Amino acid sequence: MERLGAFVKQHRLWLGGLCVALVTLFALAWAGYTLHYAGMDQCEYRIVHDGYVEKQGLYPTDPAAGLVQQLPAGTGETLYGVRLMFVTDGMVAQGAFRVALEIVDGQTLTACDGDMTTLLDGAFVDVIFASPVTLEEGGSYQLRITFAPAAPEYRAGLVYGGGEQADPALPLTDPLESAAQPRTAALQYITNYTGTGYALKAFAPLAALVFAAVMGGWWLIFVRRAKPHVAFAFFAAALGLVFALVTPPMAGPDEYGHLASAYALANRITGQPGIVAGEQGETLLAMRACDAEYMRDSSGPIGILAYKTMTDELFSAGNSGALTATARVSPPYNVLVLQYLPQTLGILLARALGLGFHAMLLLGRLASVAVYAALGALAVRLAPAAKNIFFAAGLVPMALSLAGSFSADTLVNGLALVFTALCLRGLVRPGMLSRAEQAGLLVLGALLGPMKAVYLVLVLLCVPIPAAALGGSTRSRLFKALVWVVAAASWLWFNGSTVSYMLRSVDVERIQLVLLRLAPGAALAVAAWLRWGKRAWFKKAALAVGALAVVALAAGAAWVLANSGETLTPEEYAASIQPNGESTYVYSFGYIISHIPQTIKLLVNTLGSQLPRYLQGLVGALPGEPIVYGLEISWLLTIALLALLAWACLRPVEEGPLLGRGARWSMGLAVLGVAGLSMLAALCWTPINLTTIFGMQGRYLLPVLPAALLLLGENRVLCLRRETDGALRFGAVALAAAVALQSLVLFASAAYKP
């Protein structure tokens, strides 16, 4: 036992690595086993003819000669089999049957041999050919269905539609009949089929990538002792690639809309038409022919067949770059063009190489992953302290999932990490920020608001930076004022129309009138303060005047509230209800003002019932578009992710507080401000008859997650007795990989087709 203990102690690092490898292999085996059984014999169908009367069957005169069903002219699609509805005289027939796909001249291309006992009376049966066949453009094909019953009393035939239900172009005939009758068999094409081994074959490369990411992380952290930003760059790139492959095409949050916006930007960069209005007023996007067939105006399908379509088409090449087709899309999102630049570069590269839609989608996602990994690594490197917070916040599955899809939030999340790290650098690091760092604060402060309006309040993080870090008291005030002015100006320039829409039912003229009357008094007060501000008598007078000003402002606000708002008559409310039960009227500032009790009740109901889902959305426990798919990662992983974030906040017991009072207040206001504005923005899109706010998601809080964790880290109730950096960072990787694997299983096992 002593020798064994000494051996374990001497080689515990490598024994730990072996345990990690075994656990990872077990998790991969579990995922592969689940995928194998979820993906066996899955088919996708297309109706060819459905005009039939149930159990109106045609039995062949001679079972060996069978029946012949003409098929439509080929269109270039691949046919894996067909679905036919059989009749068997209400009994279980015994014997064999054969369905052969032939060219009209009688040459057999492929066939399916089956047992007649599988033919249920009046039910569709999947007939899978021995090998798939591509139906050439304009080619003539037919099905020949023959039977070999074990005894004469066993009969089988096909359900068909006759008379007006028949399609003259698709006749069903009995070769031994003297005259053809107008009839057509109930028929569907099997246009996609997984077989029995597809899931494991497709999963093998992804499993190898996940194993390499986890074991590479173990090697970097525990063997090489890599610097945090180096480890972060590797993990974000590897796991971002995993999520890019795990998320089915256009299954990310609003990915179809972001893809259309990025595609339109790529068109404009190359001097081609982007989004235009159609003849019926619809929004059309000029696209390549190979892209338009997959483009849709809704979230994409999920299920094992969505993955098969992606892998089958992933390596298609030689596609023309000409924009000869159009696709109907949603109006483009009102975001800064810069937010789509990484994905747009991927689209342009795919076009230049002649790659197909799915390769183009993957290249756009990979460009997004690369930019996010670089920004996250920069934030971890810049952070002067609490690097674990930036490491864990940057690697939550939600952030990686957004980076691995077409999303306008990828750049926002990465830049918010860098901005928070720069602000923390100014707060806690001795000395002055460099010119590059100050320029970074100014540029990022100007970009975050336009990228998404609610993130303007992040600029609060730079307010408590001490004057010494910005070159002195006067320079500090000027710099902070410049940051605020630039941020506010860019925010107003980009979000003015949105604010106007939200204020559409408020009597803005009365507000302007009140402000105009108060403006001269405010100007006089500032001038007086500059002239006599340091005198005692003036301070007393200013206090009295300030009290009167507060009363005047309260009276003005009451006057505006009393004359603003929006009300509906019972008739207007009843007429606004749509077939889905929602009202066409949504909350606005004016409606909120005149219905404050209803608004408060809505907020209370929302927080009481939806807060768990917001936490799930924050960490990435709701894969894909949660409103559409409704998938949920297990709560065990969700709790583990939340615990990991709490763990990242802990610091050694000997360390004192990291932030001063001003910094804590600024961070708290920034976190609450983003959360409150996000709720308000979602509220202004919520129908007035709903009981919870519509559209609010936890992922909107990702940019302030580092600030929230920094605040939580100031709590000294729980502390660390020893360093746990390596374990925490590897835990972040392991949990993200586990979420990716379960997301894959959920996506592959679910069934959703728009």
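A few comments on the model shown:
- Looking at the range 390-473, the helices (runs of 4 or more DSSP H) lying wholly inside it that each contain 3 or more residues that are over 30 Å from L239 (Cβ atoms) sit at 435-451.
- Among the candidates L702, L644, L631, L711, residue that is in contact with a Gly (Cβ under 7 Å, 6 or more places away or on another chain), modelled with pLDDT of 90 or more, in a helix (DSSP H, G or I) and closer than 30 Å to L602 by Cβ: L711
- Within the range 707-728, residues that are at negative phi reach partners that are modelled with pLDDT of 85 or more and open to solvent by 70 Å² or more (accessible area, probe 1.4 Å) with beta carbons closer than 6 Å, at six or more positions or on different chains, in the pairs L728/W647.
- Out of R296, R328, sole residue that is within 13 Å of A264 (Cα to Cα) and of a type in the set (K, R): R328
- Test: residue in the range 684-695 that is surrounded by 18 or more Cβ atoms within 10 Å (Cβ to Cβ) and not aliphatic (A, V, I, L, M): yes
- Qualifying residue in the range 200-220 (condition: under 22 Å from G364 (Cα atoms) and either part of a loop (DSSP other than H, G, I, E, B) or under 20 Å from the mean Cα position of the chain (by Cα) (or both)): yes
- Qualifying residues in the range 288-326 (those that are more than 25 Å from P626 (Cα to Cα) and not in a loop (DSSP other than H, G, I, E, B)) - the one least open to solvent (accessible area, probe 1.4 Å): D291
- Qualifying residue in the range 157-174 (condition: under 40 Å from the mean Cα position of the chain (by Cα) and under 19 Å from A111 (Cα atoms)): no
- Members of the range 696-716 that are over 23 Å from T638 (Cβ atoms) and open to solvent by 50 Å² or more (accessible area, probe 1.4 Å): R716
- Which numbered condition V53 fails, given (1) surrounded by 14 or more Cβ atoms within 10 Å (Cβ to Cβ); (2) aliphatic (A, V, I, L, M); (3) touching a Gly at 6+ places or on another chain (Cβ under 9 Å): (1)
- Tally of residues being crowded, with 23+ Cβ neighbours inside 10 Å and in contact with a Leu (Cβ under 6 Å, 6 or more places away or on another chain) across the range 439-449: 3
- In summary, E654 fulfils each of the numbered conditions (1) in contact (Cβ under 8 Å) with a residue 40 or more places away in the chain; (2) open to solvent by 40 Å² or more (accessible area, probe 1.4 Å) with the single exception of condition (1).
- From V92, V104, residue being open to solvent by 20 Å² or more (accessible area, probe 1.4 Å), out of contact with any strand residue (DSSP E or B) (no Cβ under 9 Å at 6 or more places or on another chain), of a type in the set (V, I, T) and at negative phi: V92
- Residue check for T344: β-branched (V, I, T) and over 22 Å from P450 (Cβ atoms): no
- Residue tally, condition of a type in the set (A, V, I, L, M) and either open to solvent by less than 10 Å² (accessible area, probe 1.4 Å) or touching an Asp or Glu at 6+ places or on another chain (Cβ under 7 Å) (or both), over the range 659-681: 5
- V619 within 30 Å of G303 (Cβ to Cβ), hydrophobic (A, V, I, L, M, F, W, C), in contact (Cβ under 8 Å) with a residue 40 or more places away in the chain and open to solvent by 20 Å² or more (accessible area, probe 1.4 Å): no
- Filter result for D113 (in contact (Cβ under 8 Å) with a residue 12 or more places away in the chain, surrounded by fewer than 15 Cβ atoms within 10 Å (Cβ to Cβ), outside any loop (DSSP other than H, G, I, E, B) and charged (D, E, K, R)): yes
The values are calculated or read from the model by the stated rules, or taken from the named source; none is laboratory data. Note that the coordinates shown come from a computational prediction; the quantities given were computed from them, not determined experimentally. Virtual Cβ from ideal backbone geometry, glycine too; neighbours counted across all protein chains shown. Note: accessible area is taken over every heavy atom of the protein model, side chains too, but ligands, DNA and RNA are not part of it. Shrake-Rupley method; radii C 1.70, N 1.55, O 1.52, S 1.80 Å.
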